[in-house]
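Just so it is clear, none of the values below were taken in a lab; they were calculated from the coordinates. Just so it is clear, the model here is predicted, and its values are computed rather than measured. Please note: Cβ atoms are built from the backbone with ideal geometry, for glycine as well, and neighbour counts cover all protein chains shown.
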Amino acid sequence: MTPKQFAPAAEELFARIMQMTDNAGDTDEHRAWNYLANSYSWIYAKAAEEFARDFALTAIEALPSLRGTRKIVDCVFAYTNRNTDFTEKFVVRCDVTEEFPFLVKKLSPYYDR
């Protein structure tokens, strides 16, 4: 994929994360999103891949998930096909327990329960 093809999808994803309501980085969910936006390039590669497949980014959501004593946030990306309305979801899991968030699980398919 060329930079010219990659740029629109990456810009759309970054803008969506930054435009989240009141994202000042003071909640666990916002800290996870901010970490991913700045430190995990695979979310941009996936956005570009889905864009090339004629899928649009239609939603992002953060789902808090306690795992033992750690605070974990599942960051879910939803992409919907522009022709069929079929939606695929992907998740990245971040630990936000301490001052600096870190990746717990790489980008992978996500299935609603």
**Asked** Can you list the aspartates and glutamates whose alpha carbon is less than 15 Å from that of LYS105, not counting same-chain residues fewer than 8 positions off?
**Response** ASP74, ASP95
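Please tell me the relative contact order of the chain in percent, rounded to the nearest whole number, where contacts are Cα pairs under 8 Å and at least six residues apart. Mind showing how you got there, number by number?
Working: 173 pairs, mean separation 22.4, N = 113.
With pairs under 8 Å counted, the relative contact order is 20 percent.
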**Message:** How much length would be gained if the chain were fully extended between PHE100 and GLU49, taking 0.36 nm per residue of separation minus their Cα-Cα distance, in nm to one decimal?
**Reply:** 15.5 nm
**Prompt:** What is the helix-to-structure angle for 28-39, meaning the angle in degrees between its Cα long axis and the longest Cα principal axis of the chain, kept from 0 to 90 and rounded to the nearest 10?
**Reply:** 50 degrees
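Given charges of +1 on the Cβ of Lys and Arg and -1 on the Cβ of Asp and Glu, with all other atoms neutral, how large is the dipole of the chain about its Cα centre, in debye to the nearest 20?
Charge dipole, the chain, about its Cα centre: 360 debye, nearest 20.
Roughly how many debye, to the nearest 20, is the charge dipole of the stretch 10-68 about its Cα centre, given +1 on each Lys and Arg Cβ, -1 on each Asp and Glu Cβ, and no other charges?
Numbers: 5 positive and 10 negative charges, 40 e Å.
Value, rounded to 20: 200 debye.
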**Fill in**
Along the dipole axis of the stretch 40-113 (charges at Cβ: +1 for Lys and Arg, -1 for Asp and Glu; origin at the Cα centre), the most positive-end residue among PHE51, ILE72, ASN83 is ILE72
**Prompt:** How do TRP42, TRP33 rank when sorted from fewest to most other Cβ atoms within 10 Å of their own Cβ?
**Reply:** TRP42, TRP33
**Asked** With each run of n ≥ 4 DSSP H residues scored as -39500 (n - 2.57), what mean residue ellipticity at 222 nm is computed for the chain after dividing by its residue count and rounding to the nearest 500 deg cm²/dmol?
**Response** -11000 deg cm²/dmol
**Item:** Gain on full stretching of the segment that runs from MET18 to ARG70 - 0.36 nm per residue minus C-alpha separation
**Value:** 16.2 nm
